[in-house]
Amino acid sequence: MTFAWPFLLAALPDRTPLADEWGYRPGDGSTVPLDPPSLTWTHEPDAASYTVQWARDPDFRAPATASDLPWPAYTHRAALGTGRWFWRYRIQRAGADPSPWSRTRSFLVPPGATVFPQPTIEELRARIGAGHPRLFFRRQDLPRLRAHAAGAGSQEWPKLRQRADELLAPAPTPEPAVKASPYDPATNQYWWSNRRQTIRAANEVEILAFVFLMTEESKYGQGAARNLLRLAAWDPGGATGFELNCEAAKPLLHRLARGYDWA
């Protein structure tokens, strides 16, 4: 009997993709709609990294190279330009020589292809900037949001501000008390409600922080900071710990960041 699980396959290029694998893209000889296209190949479980090259000629006399790639995929940070391109990849295993290069594949970037490069992490950070806020909107967006609150959003904005006023009272939603497991009949009725309780507590921080951004009134910022610190003090090994209840832990991970950014 022959098995074809990925962990039994040799770390050599060009193996046939399994039925549920993405495989080699773009298809060899295909015309691509984006410039640059994403280059993908099969994953090897024992690969430490990958190297990919692309060039104008199939002999790779003057290739561009991206190395130390952790994933079997790469999108360049700049447009390649119209015309035919050739590409190949190889596998690097820990403590071993790199594999041979894969066979050469090609694709055609036609005139009119949509320019869609993938910025580097450094470029993205530079675009976002170092100031706050920077989650969902930036400081230059605040005049537009305030104008909306005074105009088209004038019916909803007072309700949000009233809710923020209510949340200034020093009684935020508490930390869930029951360490519930979905597999424990004695506690599983609390497992999902612990998530809802966590989201409610995080929403309270977000509302205070957002109203602070809109009004710049310190009482809302102080209220958001106070509740944020209380949330951050929740026991990571308790009812909302990731190992016990990931559905409760995940809102804490991303919503606390919003409160911090806005307040």
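Every number here is computed from the coordinates shown, using simple stated rules; none is lab data. The shown structure was predicted, so the numbers you read here are calculated from the model rather than taken from an experiment. Using ideal geometry, Cβ is built from the backbone for each residue, glycine included, and neighbour counts are taken over all protein chains shown.
Between the beta carbons of A73 and D141, assuming R0 = 22 Å, the FRET efficiency works out to 0.10 to the nearest 0.05.
How much net charge surrounds Q53 when only other residues with a Cβ under 12 Å from its Cβ are counted (Lys, Arg +1; Asp, Glu -1)?
Cβ neighbours under 12 Å give a net charge of +3.
Calculated [222 nm] ellipticity per residue, helices only, for the chain: -10500 deg cm²/dmol; basis is -39500 (n - 2.57) per DSSP H run with n ≥ 4, divided by all residues, nearest 500. Sorting the segments 91-101, 186-196 by their mean number of nearby beta carbons within 10 angstrom, highest to lowest, gives 186-196, 91-101. Which residues in segment 229-263 place their backbone N less than 16 Å from a point set 7 Å from the Cα of R196 along the Cα-to-Cβ direction? Answer for segment 229-263: 247-248. Most tightly packed first, judged by the mean number of other beta-carbon atoms within 10 Å of their residues, the peptides 234-244, 214-224, 119-129 read 214-224, 234-244, 119-129.
Residue by residue, segment 105-113 carries 3J(HN,Hα) couplings of 10, 9, 8, 10, 8, x, x, x, 4 Hz when phi is fed to the Karplus relation 6.51 cos²θ - 1.76 cosθ + 1.60 (θ = phi - 60°); x denotes Gly or Pro.
In the calculated pair-distance distribution of segment 82-167, the portion above 20 angstrom amounts to 70 percent of the Cα-Cα pairs. Potential lengthening of the chain between A48 and N188 amounts to 46.4 nm, from the contour at 0.36 nm per residue minus the alpha-carbon distance.
Using Cα atoms only, what is the angle between the long axis of helix 218-232 and the major principal axis of the chain, expressed in degrees (0 to 90) to the nearest 10? Result, in degrees: 60.
Pairwise Cα separations in segment 131-255 fall into 10 Å bins from 0 onward with the following percentages, short to long: 12, 37, 29, 16, 5, 0.
Treating cross-link reach as a plain straight distance, find the lysines whose alpha-carbon is under 24 Å from the alpha-carbon of K159, omitting any fewer than eight places away in the same chain. Within the straight-line cut-off, K159 pairs with K219.
When only alpha carbons are used to place a centre, segment 107-141 and segment 157-232 end up 32 Å from one another. Extension gain, E216 to L253: 0.36 nm times the residue separation minus the Cα-Cα distance gives 10.8 nm. Axis of helix 157-167 versus longest Cα principal axis of the chain: the two differ by about 70°, to the nearest ten degrees.
Working value for the chain: equivalent-ellipsoid semi-axes of 48, 28, 15 Å, each the square root of 5 times a Cα gyration tensor eigenvalue, largest first.
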